Amino acid sequence: MEFLQDFGLFLAKAITIVGAIIIVITAIAGVAMRGQRKGGSAKGDLIVENLNETYEDTEDLMMSHMLDKKAYKNWAKNQDGDKKQKSKDGKSDSSESEEEKKRVFVLSFDGDVHAHDNDQLMETIDAALLVARPGDEFFCELESPGGLVHAYGLASSQLRRIRDAGYTLTVGIDKVAASGGYMMACVADKIVAAPFSVIGSIGVVAQMPNFNRILKKHDVDVELHTAGEYKRTLTLFGENTDAARAKFKEELEETHQLFKQFVTRNRPVVDIDQVATGEHWYGEQALGLNLVDEISTSRDYLMKEVKTKDVYRLSYEVKVPMIEKLGLAAAKTMSICLGKLGIRGM
């Protein structure tokens with residue numbers, strides 16, 4: 001028993017020390033990042049990859065290994081001949097033929113609780129809209145289980161900019177687009193999803209622990225002063241009342257109602273009363289509920305597109321110093337913990 005007590009005390013101390021270190025690193029990283037942004041040096045690099053060329057290089061590599069030297073030489077010669085003929089035909093038709101070839105801009109969003117990929121998404125959309133021509137399309141590879149309401153509201157607005165600018169937007173879901181993730185997806189003209197991707201979860205959830213009884217047991221008082229009747233409803237340390245719980249529940253219902261209206265406005269083919277239960281479905285099931293339009297992986301979809309269009313993958317990378325990487329990792333870990341503790345989200 002004495003050993004268990006000592007071990008428990010050691011474990012508590014260790015957790016406290018690690019938590020303190022994480023907080024310090026996060027604070028340092030936050031200050032550094034804010035300083036960089038104010039100084040205008042937090043800009044990153046826009047990376048553009050031509051997927052047509054990438055797939056051609058991959059095909060060439062495979063053929064070089066699969067064919068003997070003579071056969072590969074003939075194959076490569078034929079490929080070069082085809083390229084020259086296409087180039088010649090393009091020039092003979094008109095100087096505008098190449099300009100009229102449709103393009104697809106591929107974006108990506110890998111969401112967490114705070115939708116930290118928002119900035120990367122915004123930068124790539126900005127870049128693509130600067131050069132997009134009538135008839136060009138956008139494809140967003142989307143993965144997210146959802147998170148904070150305001151963060152995913154902004155992410156949805158970023159995608160909405162594409163449609164508002166008059167371009168077709170397709171969203172591809174390979175793993176999950178649930179809750180706030182589906183809030184983003186439903187903005188698209190078309191949604192393609194892998195057969196077992198997780199779709200839906202059109203609902204709002206919030207939970208939080210309350211330590212008031214523990215504090216009372218140890219004669220610890222908590223004072224909470226507010227101006228405004230509903231400035232604070234439920235709390236972690238104060239005593240929660242039935243009125244506060246009712247108001248909190250009312251706010252959740254209001255947010256859910258806004259979520260339902262948003263989905264209905266952007267995807268009217270959905271029977272919102274049937275799907276807005278907070279449940280999730282797999283891709284094949286979601287197709288039957290009109291939550292998605294086609295069963296396909298993002299890779300399959302893009303491999304078809306490169307046959308007739310120029311496809312460009314855009315990404316935006318910010319060079320982050322090691323101390324900031326540690327801080328961001330710590331912040332992400334804490335955000336996950338906070339999410340599990342019940343910070344309100346979608």
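All of the numbers you see were taken from the coordinates with simple rules; none came from a lab. Owing to the predicted nature of the structure, the values given are computational and were not obtained by experimental measurement. Every residue, glycine as well, gets a Cβ built from its backbone with ideal geometry; the counts of neighbours run over all protein chains shown.
Here are the numbers:
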{"item": "Mean Cβ neighbour count within 10 Å, used as a protection proxy, ranking 217-224, 308-315 highest first", "result": "308-315, 217-224"}
{"item": "Percent RCO, i.e. relative contact order, over segment 171-312, from Cα pairs under 8 Å lying at least 6 residues apart", "result": "37 percent"}
{"item": "FRET efficiency, 1/(1 + (r/R0)^6) with R0 35 Å, evaluated for A14 and K216 via beta carbons", "result": "0.80"}
{"item": "Segment 218-296: relative contact order as a whole-number percent, Cα under 8 Å and 6+ apart", "result": "15 percent"}
{"item": "Amide proton proximity set for F139, modelled H, under 5 Å, gap of 5+", "result": "F105, V106, L107, T170"}
{"item": "Cα centroid of segment 246-320 to Cα centroid of segment 64-84, whole Å", "result": "43 Å"}
{"item": "Lys/Arg +1, Asp/Glu -1 at C-beta; segment 257-303 dipole; positive extreme among Y282, Q257, S298", "result": "Q257"}
